[in-house]
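Some notes on the structure that comes next.
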Amino acid sequence: MDLYLLLHSVLMHISAAIVILVYIPLSIPVKLFVWAFVKPLRKEDLRGKVVLITGASSGIGEELAYQYAKKGACLSLVARRKHALEGVAAATRERGAPDVLVVPADVSDPEQSRRAVEETVAHFGKLNHLVANAGAWSISFFDEITNITAFTKMMATKAAQVRFYETLRSELGSEVGVTILTAGFVESEMTKGKAIQRDGEVAVDEEARDVQIGVFPVARVEKLCEAALNIIRRGDWYVTWPSLYLTLPLIACLAPEVLTWQSYALYNAKKGTPPLSQRMLDATGAKRFYPPSLRSHPGIKTDKTGDQREEDDAASNV
Ligand SMILES: NC(=O)c1ccc[n+]([C@@H]2O[C@H](COP(=O)([O-])OP(=O)(O)OC[C@H]3O[C@@H](n4cnc5c(N)ncnc54)[C@H](OP(=O)(O)O)[C@@H]3O)[C@@H](O)[C@H]2O)c1
Ligand SMILES: *[C@@H]1O[C@H](CO)[C@@H](O)[C@H](O)[C@H]1NC(C)=O
């Protein structure tokens, strides 16, 4: 058995050596050629294509819906807030989407996700792009969480998604393209401070948001979506935008301890002093570079109609 393991270990090391010494040097010129001369010519025509976007009621999903609409795609818009989706749907029709379906659904419930896809296919007769964008943010430290049940939802998001889609890509082969988008901070309801709090409730906390973002740049959502849609149409496997964040996986691979130290240093508060991230933000005044939508107070969409809001106001005035 030991010998059998040793044999495998030797073979794996030889494979790694072949990849590093032979495959990578030979593939670099081919990849550069494809990147410079082939990719720019490959632009999927989106006219009449059916695109399902989850999390289309605000932020990145909403802006992607507008950009797909401008390219003539038909849309199926999924999120929980029905009225917000209807507002987005109307705006996508104005921007040129020939047919738009609104499907209110909670994608953390497998049955509701299934229904969203089935209703889309029943309506349009096909599905060309699935944009799995819905997600939530949490800015709490793990040991401050008081309701852990509410955080199980987070475990399907983030890093788990990347591994999930990479596995799916190797199962699907070339039949279905998978583009994985990882983004830096972008203006949306999330970066306005909307996050799952330690008790599991969703609320807006601008101060916690300031600490989390600190001096990092927050990009305009249109810019991200423009770049993302171009790359999706080109069929790339990965998009990291803005590209400055490409350095992070490199550091994580070569010196993972640096990222851990950096996060610890930036976000942990010592008794009586605010976290370094907050102090850097205050000292540099970098907040003036946040997009205007983040500097003016929240403006998170509720899912109430005008009438319901008036009723609520009337009730709260009593
Ligand atoms: N903004 C950033 O800086 C940033 C950076 C990297 C990655 N991201 C990712 O980008 C994605 C979009 O976020 P965003 O920044 O655009 O924030 P956002 O404005 O808060 O949008 C989140 C969207 O997801 C929907 N959603 C959340 N939970 C859902 C559920 N259980 N079922 C159905 N829909 C749900 C929300 O709609 P309802 O509340 O109506 O359901 C909303 O449309 C997220 O996956 C996020 O992790 C954002
Ligand atoms: C904890 O969160 C779960 C899921 O969001 C919720 O169903 C439950 O009622 C919460 N428990 C408490 C004590 O708030």
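The values are calculated or read from the model by the stated rules, or taken from the named source; none is laboratory data. Predicted model only: the values in this text are computed from it and were never measured. In this analysis, Cβ positions are derived from the backbone assuming ideal geometry, glycine residues included, and neighbour counts consider all displayed protein chains. We work out accessible area using only protein heavy atoms, side chains counted, and drop any ligands, DNA or RNA first. Shrake-Rupley method; radii C 1.70, N 1.55, O 1.52, S 1.80 Å.
Under a Gaussian network description of the chain, with springs only between Cα atoms under 10 Å, the residue in V78, V258, V102 that fluctuates furthest is V258. For the chain, the 222 nm mean residue ellipticity estimated from helices alone, with every DSSP H stretch of n ≥ 4 adding -39500 (n - 2.57) and the total spread over all residues, rounds to -14000 deg cm²/dmol.
The H on the amide N of K194, modeled in the peptide plane, is under 5 Å from the matching H of D205, each at least 5 residues off or on a different chain.
Applying 1/(1 + (r/R0)^6) with R0 = 35 Å to the Cβ-Cβ distance of F289 and T152 gives a FRET efficiency near 0.45.
The alpha carbons of region 136-261 stretch over 44, 31, 30 Å along the principal axes, in descending order. Accessible surface of L244, taken over heavy atoms with a 1.4 Å probe and every protein chain present, rounds to 90 Å². Excluding same-chain residues fewer than 8 positions from K49, which aspartates and glutamates have a Cα within less than 12 Å of its Cα? Counting by Cα, and skipping residues close in sequence, K49 has these aspartates and glutamates nearby: D99. Taking 0.890 mPa s as the viscosity and 25 °C as the temperature, the Stokes-Einstein diffusion coefficient of region 235-281 based on its alpha-carbon Kirkwood radius rounds to 193 µm²/s. In the full protein context, the chain carries 62 Å² of accessible surface per residue, based on a 1.4 Å probe and ignoring ligands, DNA and RNA.
Extension gain for V30 to V121 (0.36 nm times residue separation, less C-alpha to C-alpha distance): 28.9 nm. Could you identify which residue out of S27, S108, S170 has the top mean-square fluctuation in a GNM of the chain using Cα springs shorter than 10 Å? Of S27, S108, S170, the most mobile in the Gaussian network model is S27. Can you give the accessible area of K158 in Å² (nearest 10), computed on protein heavy atoms with a 1.4 Å probe? About 100 Å², ignoring ligands and nucleic acids.
More than 38 angstrom separation, counting every C-alpha pair in the chain; what % is that?
Above the 38 Å cut-off, the chain has 25 percent of its Cα pairs.
Summarising the label geometry, the points placed 7 Å from Cα in the beta-carbon direction at N128 and R95 lie 1.6 nm from one another.
Considering only I145, Q212, L26, and ranking their Cα positions along the charge dipole of the chain that arises from unit charges at the beta-carbon of Lys, Arg, Asp and Glu, the one farthest toward the positive end is L26. The charge dipole of the chain, taken about its Cα centre with unit charges on the Cβ atoms of Lys, Arg (+1), Asp and Glu (-1) only, comes to about 1120 debye. Judged by the gyration tensor of its Cα atoms, with axes a ≥ b ≥ c, region 1-67 is oblate; a/c meets the 1.5 cut and b/c is at least as large as a/b.
Backbone phi angles across region 80-88, fed through the Karplus curve with coefficients 6.51, -1.76 and 1.60 (θ = phi - 60°), yield HN-Hα couplings of 8, 7, 5, 5, 4, 4, 5, x, 5 Hz in residue order; Gly and Pro are listed as x.
Between V258 and K70, the C-beta separation translates, for a Förster distance of 45 Å, into a calculated FRET efficiency of about 0.60.
Below 8 Å, C-alpha to C-alpha, sequence gap of six or more: please give me the relative contact order for the chain in percent. Relative CO of the chain lands at 16 percent. Here the ratio of the Cα radius of gyration of region 204-311 to 2.2 N^0.38 Å is 1.40.
For the chain, give me the percentage of DSSP beta bridges that are antiparallel, rounded to the nearest 5 percent. Before the final figure, lay out each step's value.
Details: 3 of 22 bridges.
Looking only at bridges with both residues in the chain, the antiparallel portion is about 15 percent.
Taking the Cα centre of region 1-65 as reference, the dipole from Cβ charges on Lys and Arg (+1) and Asp and Glu (-1) amounts to some 340 debye.
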